[in-house]
Amino acid sequence: MAQTDKPVAIVCRTCGSQHVSRDAWADWDSARQEWVLGAVFDYAHCHDCDGETSLDEVPLAGTCG
């Protein structure tokens, strides 16, 4: 998914829910003393459908654009 200047919501393609997650890993950064996002993988999960899904970007409600 491409980044955009306009705010978007990421939603489940099946049900439209924003209650979604992506599979990722985090790397420990000793200098910053925090976890930083290392990679985001293709797998997406919808917690409302309770299964694998595809994700869509939609304009964020309440924003001009």
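The values are calculated or read from the model by the stated rules, or taken from the named source; none is laboratory data. Keep in mind it's a predicted model, so treat the numbers as computed, not measured. Here the Cβ is made from the backbone with ideal geometry for all residues, glycine too, and neighbour counts use every protein chain on show.
Within the range 3-62, the residues that satisfy the criterion of being surrounded by 10 or more Cβ atoms within 10 Å (Cβ to Cβ) and among the aliphatic types (A, V, I, L, M) are Val8, Ala9, Ile10, Val11, Val20, Ala24, Ala26, Val40, Ala44, Leu55, Val58, Leu60. When the range 1-59 is filtered for residues that are of a type in the set (Lys, Arg) and either in contact with a Leu (Cβ under 9 Å, 6 or more places away or on another chain) or assigned to a strand (DSSP E or B) (or both), the ones remaining, listed by number, are Lys6, Arg13, Arg22. Residue pairs, Cβ under 9 Å, 6 or more apart or interchain, first in the range 45-65 and under 16 Å from Asp23 (Cα atoms), second modelled with pLDDT of 95 or more and of a type in the set (Phe, Trp, Tyr). List them. Cβ pairs passing all conditions: Glu52/Tyr43.
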